[in-house]
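Worksheet: the structure to be examined is printed underneath.
Bear in mind that the values in this text are calculations on the coordinates, not laboratory data. Keep in mind that what you see is a predicted model, and the values were worked out from it rather than measured. FYI the Cβ positions are ideal-geometry reconstructions off the backbone, even for glycines, and counts take in every protein chain you see.
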Amino acid sequence: MESKLPPIYKLHTKVFASLRPGYLTLLTGYDIGMIDGGVLVEVPYQKIPADLRIPNSKFITIFDQSRQLIGVERMVEEDIDSQPVVEEVAKPTRAFDPLDKCYFCGLVYGKYIWDEFSHMMRKELRTASSRFNDLDEQHRSDEMTVYSFPTQITDEVCFKYDDYGTLQEVELLVKRFADTLEQRKIRYQIEIYDGDDNLLNTLRYAPTDKEVQVREQRWKRRIIRFKILKYSLTFLYLVLLVYLLVLVFGPFFSN
């Protein structure tokens, strides 16, 4: 029987989980005919933009007739509310123009990377950081706004440049990130995309095991010092509170 699928088709998709290292399990084609509820598909995580890898992220996946993932599209507002449909997708024909708008996102890795990345953004990249909750942090300066959040994978943080610039402007920012991360001996992967979410370049860096060990020991000592200071201040606060209570209510009890 001949397949009725078009040569290239796209499906509404959301991230289900990461069930084994290096792969994401996606729920594709939910709300379509007989596959209402969706079909689970496992793909290498590198094929999904870094900021779309967290569970329940929604986007559109593009497959060829052999069911191989060949691309990802971000959902616009009308996509989210509309019924998903299988449809043929035209392949891009226009060459990339360096003046087109681009952005970048990336992943950083390490045992204490959530706090260390925040510290790096404040100290080296001079941003004002606001942690809204345990899952999202904004880093803002005059030249950029970056969001960061832990992924579902342990000791991994995703960050995304929340703006667009020319390829040259984005590459200059990426170089600052890369230089700072390498100076701190932090493993990273940074991806540069054009405005249509086509991957233009990928940068990777991995320090030696010894460099990672030295960095993590340094951060462990830093965290221990912070906890000692925190508990010491809490103890002093309690002592001061008891002293004030005795000072205020002591005369009543003495009488």
Just to check your reading of the model, which residue among T151, T127 is within 21 Å of K185 (Cα to Cα), more than 15 Å from the chain's Cα centre (by Cα) and crowded, with 17+ Cβ neighbours inside 10 Å? T127
Got a sec? Which of I223, I190 is touching a Leu at 6+ places or on another chain (Cβ under 9 Å) and either among the hydroxyl-bearing types (S, T, Y) or touching a residue at least 24 places away in the same chain (Cβ under 8 Å) (or both)? I190
Do you know which residues across the range 158-173 are surrounded by fewer than 18 Cβ atoms within 10 Å (Cβ to Cβ) and of a type in the set (F, W, Y)? Y164
Between residues in the range 10-30 that are touching a residue at least 40 places away in the same chain (Cβ under 8 Å) and more than 13 Å from T61 (Cα to Cα) and residues that are among the hydroxyl-bearing types (S, T, Y) and surrounded by 15 or more Cβ atoms within 10 Å (Cβ to Cβ), which pairs lie under 6 Å by C-beta distance while being six or more apart or on different chains? A17/T25
Looking only at the range 48-68, count every residue that is among the basic types (K, R) and crowded, with 16+ Cβ neighbours inside 10 Å and tell me the total. 1
